[in-house]
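This report concerns only the one structure given below.
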Amino acid sequence: MAERPRGGRHRERGATRRHGPLARALGVLALGCAVALALVGVVVPLVLGATPYTVLTGSMRPTYAPGTMVVVRPVDVARVAPGDVVTYQLVSGRPEAVTHRVVGVGVGADDERVLTTQGDANAAPDPEPVRPVQVRGSVVYAVPLLGWVSSAVSGDTRRTVAVVAAAGLLGWGAWQVAAGLRERARRRRTPAVVP
């Protein structure tokens, strides 16, 4: 009668059972996080016709800390009310924008609706009223810390990174599925070893 070597196949199978599920769970968790970040940072804003902005200062603490990504969708200024959070250009036509809460609505010099805004952490309202032409939109949702990533990877680079990341995730997912199928086929071919 042939003797089975100590610690041979039986130990390997036990090790696979012990570490395999954990590795798969971590892989699924990483994939889920990456997909969720891609959805909230790229896909959903595109579907909504929204624009992501990064909060750079602490003026909206504790609601939006620096590094928060706010997703802003265009809004009819006539529908904006006190309590809404809007993103607006500091100077019309310039790229610098601020995200603050509307604390008042009034009428400007040319009978146009103007907004009084204030950061949640600021003691007083902003000195200049916000005109409709300055408003980029209202905040639909926000994701803490994702703004730092968005700022680091901006413009055309963001699209390239999104495409490469999506292709990488799909490739990794396909590899995981193929590895699982190979493992399942191997188990079917290999007889179980009884201790």
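All of the numbers you see were taken from the coordinates with simple rules; none came from a lab. Model, not experiment: these values are computed from the prediction. Note: ideal-geometry Cβ built from the backbone for every residue, glycine included; neighbour counts use all protein chains shown.
Quick one: 3J(HN,Hα) in Hz for the stretch 106-116, Karplus 6.51/-1.76/1.60 with θ = phi - 60°, rounded, Gly and Pro as x.
Residue by residue, the stretch 106-116 yields x, 10, x, 4, 9, 6, 9, 5, 10, 10, 9 Hz.
What is the spin-label model distance, in nm, from Ala25 to Asp111 if the labels are put 7 Å beyond Cα along the C-beta direction?
Rounded to a tenth, the inter-label distance reads 6.7 nm.
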